[in-house]
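Colleague: Structure incoming, see below.
The values are calculated or read from the model by the stated rules, or taken from the named source; none is laboratory data. Owing to the predicted nature of the structure, the values given are computational and were not obtained by experimental measurement. Because the Cβ atoms are built from the backbone with ideal geometry, glycine has one as well, and the counts that use them run over all protein chains shown. These accessible areas exclude ligands, DNA and RNA; they are computed on the full protein's heavy atoms, side chains included. Shrake-Rupley method; radii C 1.70, N 1.55, O 1.52, S 1.80 Å.
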Amino acid sequence: MFTKSNKHNDTPAAPEPAKVQPSVDAIRGAASKPAARAASIICADMKINGSVTSEGALQIDGTVDGDVAATDITIGASGHITGEVKAEVVKVKGRIKGSIRARKVELETGAHVKGDIVHSSLQIQSNAVFEGQVKHSDDPLKDAAPRAAASDARPAASSSAPSATPNATGGFGISPTAS
């Protein structure tokens with residue numbers, strides 16, 4: 001039963017593989033290719049004051065007070081951003097207060113976005129909250145920044161409204177205008 005006999009073995013033994021030495025050209029070719037990168041992660045216990053830029057993917061579960069730019073950005077359910085978000089693909093599960101510029105934008109269930117979106121493709125799932133303006137663009141990453149909504153702009157002063165003028169002490173005084 002456990003004897004070492006070749007009498008009952010009909011299949012020939014596989015030859016031992018020869019040791020393969022990679023050629024110098026293959027090594028150089030592999031070294032010149034960029035390595036696959038994992039996403040950079042901003043954890044839920046992190047708070048960043050300032051802009052964040054990445055050449056790869058970015059997962060944000062913490063808080064960023066500043067602009068964020070990367071190739072692919074995912075804002076997790078605990079993620080909060082106050083500033084402009086700019087990427088090829090933006091997936092939002094958390095909160096953004098600021099504009100989004102991306103070729104593909106996905107607002108997933110539970111997302112809260114307060115700001116304008118410039119996009120090539122937009123998907124909004126049920127129970128996602130969005131307050132702002134949406135503009136379709138063939139190349140949203142190259143267009144100028146979106147303008148503020150008309151309701152956010154201050155009304156122009158009429159000729160009968162008082163005006164603020166600087167006084168000698170460096171403060172401002174209110175003086176009525178003549179009609």
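Colleague: In what sequence, largest accessible area first, do H112, H119 appear using a 1.4 Å probe?
Modeller: The ranking, largest first, comes out as H112, H119.
Colleague: Let me know the shape class of the stretch 70-139, please: from the alpha-carbon gyration tensor, a ≥ b ≥ c as square roots of the eigenvalues, rounded when a/c is under 1.5, otherwise prolate if a/b is greater than b/c, or oblate.
Modeller: Rounded is the answer for the stretch 70-139, as its axis ratio a/c remains below 1.5.
Colleague: Report the calculated FRET efficiency for V129 and S51 (r = Cβ-Cβ distance, R0 = 30 Å), to the nearest 0.05.
Modeller: 0.75
Colleague: With every protein chain left in place, what is the accessible area of S120 in Å² (1.4 Å probe, nearest 10)?
Modeller: 40 Å²
Colleague: Using the Cα gyration tensor of the stretch 37-118, with a ≥ b ≥ c the square roots of its eigenvalues, what is the shape: rounded (a/c below 1.5), prolate (a/b larger than b/c) or oblate (neither)?
Modeller: Note, shape of the stretch 37-118 comes out rounded.
Colleague: Can you list which of the trypsin sites (Lys or Arg not before Pro) found in the stretch 68-142 are DSSP loop residues with at most 11 other C-beta atoms within 10 Å? Provide the component values of the computation, followed by the final result.
Modeller: Details: sites: K86, K91, K93, R95, K97, R101, R103, K104, K114, K135, K142; in loops: K93, K142.
Answer in residue order: K142.
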